[in-house]
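The structure appears below as structure tokens.
The values are calculated or read from the model by the stated rules, or taken from the named source; none is laboratory data. Just so it is clear, the structure is predicted and the values come from calculations on it, not from any experiment. In this analysis, Cβ positions are derived from the backbone assuming ideal geometry, glycine residues included, and neighbour counts consider all displayed protein chains.
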Amino acid sequence: MYLLLLCLPFSGFTQSSKNGKEHYLLAGTYTSGTSKGVYVYKFNSGTGKSVLVSFAPASNPSYLAVSPNHRYVYAVNENKDSGAVTAFSFSKATGSLHKLNTQPSGGDHPCYVAVDKTGKWVFAGNYTGSNFSVFRVAADGSLKAADTTITHTGHSVNTQRQEKAHVHCTVLSPDNRYLFVSDLGMDKVMAYTFNAANGKIAAAPQPYQETPAGSGPRHLVFAPSGKYAYLIEELAGVVTTFAYSNGKLRPLQSLPSTPAGFTGFAGSADIHVSPDGKFLYATNRGESNTIAVFSIDPASGLLTAKSFESVLGKAPRNFNFDPSGNFLLVGNMDSDEIVIFKRNKQTGMLTDSGERIKTGSPVCIKWID
């Protein structure tokens, strides 16, 4: 089955391409509104301008992962009764996605997908299903049926959001030897050993790192050095810094992801470290609609809050840096656009570039060079 693709002329974009390198930007979305699937744009890292190249129809492809060789893209289909993961091949020549196949994710509402560093294994986390699955990648980039599905059991103090386990991310360690699974419902970051030769996973020697009751761990990211990891906690609106070594997380610091005096629900969403490792950013939805900017001490990994900026929209979900690090793009789900901020590499501060990408319910932003 083929998913094809709107192709648009590049006349207005080619002129600006003289000012910077072009990259492909992929946007995962929810399709309950105006969106129809995964959208592909060309983005200019000199001007911040973009143009739509193609789209691939899909049902709620909310989160995306790109293979290490940039030839394949994997999207969750975040549905209740038909949770799945879809594999696409990607053509750099045309900027188009071609559907390879779809496999059941093993649970309801898959919300996260990741590829290991060998490109041979894909991991999908099922939020409502309370579990995650491991898939073997075939030679053509398609997915085989899940090799393993592991279900979490547990709950925590928030009876509305933590009535059971809720897997929210599946993140591999920098050395590809461990898999970390944040579980919002259990207030734990689970740790598993991972064998890239056969795809086998097992509980790590330190099987989990507990977070404060009611915190709701959501997304985890590692510093480029591999010595530190940072966790965004959705329900508490907190960023926690960990020292990291050989599959073990050791908490060092916790800071609010919202401005001083904020008393509403943060609904914190995403977290990333800048490509140079100097700054950390975190988004807050709820009643905040901000992005926090922290500087990172290179010796200790500890954070210092620098700024809390409006995302100029509603419900910021995923965000990402363009490959040059010149821009930071925020997907504002409830205002149906991606806002493009200019990023000062020396200070980490953000300013509105004035550029926008109009797309229905953007959730995830990925790049292909």
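Exactly one residue among Ser288, Ser295 is over 18 Å from Thr170 (Cα atoms), part of a strand (DSSP E or B) and either touching a residue at least 24 places away in the same chain (Cβ under 8 Å) or not basic (Lys, Arg) (or both), and that residue is Ser295. Within region 51-76, the residues that satisfy the criterion of being surrounded by fewer than 24 Cβ atoms within 10 Å (Cβ to Cβ), among the polar types (S, T, N, Q) and either in contact with a Phe, Trp or Tyr (Cβ under 6 Å, 6 or more places away or on another chain) or within 25 Å of Thr118 (Cβ to Cβ) (or both) are Ser67, Asn69.
Summed over region 155-164, the residues that are closer than 12 Å to Lys188 by Cα and either surrounded by 23 or more Cβ atoms within 10 Å (Cβ to Cβ) or touching a residue at least 40 places away in the same chain (Cβ under 8 Å) (or both) give a count of 2.
A single entry from Arg177, Arg136 fulfils the requirement of being in contact (Cβ under 8 Å) with a residue 60 or more places away in the chain, out of contact with any Asp or Glu (no Cβ under 6 Å at 6 or more places or on another chain) and either of a type outside the set (Phe, Trp, Tyr) or under 20 Å from Tyr74 (Cα atoms) (or both): Arg177.
Listed here are the residues, each with its yes/no results for (1) assigned to a strand (DSSP E or B); (2) out of contact with any Lys or Arg (no Cβ under 6 Å at 6 or more places or on another chain); (3) surrounded by 15 or more Cβ atoms within 10 Å (Cβ to Cβ).
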| residue | (1), (2), (3) |
| --- | --- |
| Gly301 | no, yes, yes |
| Thr304 | yes, yes, no |
| Phe308 | yes, yes, yes |
| Leu312 | no, yes, yes |
| Arg317 | yes, yes, yes |
| Val330 | yes, yes, yes |
| Ile338 | yes, yes, yes |
| Gln346 | no, yes, no |
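Annotation note: of Phe265, Phe222, Phe242, the sole residue that is in contact with a Gly (Cβ under 6 Å, 6 or more places away or on another chain) and in contact (Cβ under 8 Å) with a residue 12 or more places away in the chain is Phe265. The sole residue among Val273, Val238, Val293 that is closer than 25 Å to Thr118 by Cβ and β-branched (Val, Ile, Thr) is Val273.
Does Glu309 satisfy the criteria of being acidic (Asp, Glu), more than 15 Å from Cys364 (Cα to Cα) and at pLDDT below 95? In short, no. Of the residues making up region 158-211, those that are hydroxyl-bearing (Ser, Thr, Tyr) and not in a loop (DSSP other than H, G, I, E, B) are Thr170, Tyr178, Ser182, Tyr192, Thr193, Tyr208. Suppose the filter is among the hydroxyl-bearing types (Ser, Thr, Tyr), over 23 Å from Pro259 (Cβ atoms) and at pLDDT 95 or above; does Thr347 pass it? When the stated conditions are applied, Thr347 does not pass them.
Restricting attention to region 348-369, the residues that are within 26 Å of Ser54 (Cα to Cα) and assigned to a loop (DSSP other than H, G, I, E, B) total 4. Of all the numbered requirements in (1) crowded, with 19+ Cβ neighbours inside 10 Å; (2) in contact with a Ser or Thr (Cβ under 7 Å, 6 or more places away or on another chain); (3) under 24 Å from Phe294 (Cβ atoms), Phe242 misses one, and that requirement is (2).
Within region 1-15, restricting attention to residues that are hydrophobic (A, V, I, L, M, F, W, C) and either in a loop (DSSP other than H, G, I, E, B) or at pLDDT 50 or above (or both), the residue that is surrounded by the fewest Cβ atoms within 10 Å (Cβ to Cβ) is Met1. Among residues belonging to region 16-46 that are touching a residue at least 40 places away in the same chain (Cβ under 8 Å) and polar (S, T, N, Q), point out the one that is surrounded by the most Cβ atoms within 10 Å (Cβ to Cβ). Of everything passing the filter in region 16-46, Thr29 is surrounded by the most Cβ atoms within 10 Å (Cβ to Cβ).
Among Gly119, Gly185, which is touching a His at 6+ places or on another chain (Cβ under 6 Å) and of a type outside the set (Ser, Thr, Tyr)?
Among Gly119, Gly185, only Gly185 is touching a His at 6+ places or on another chain (Cβ under 6 Å) and of a type outside the set (Ser, Thr, Tyr).
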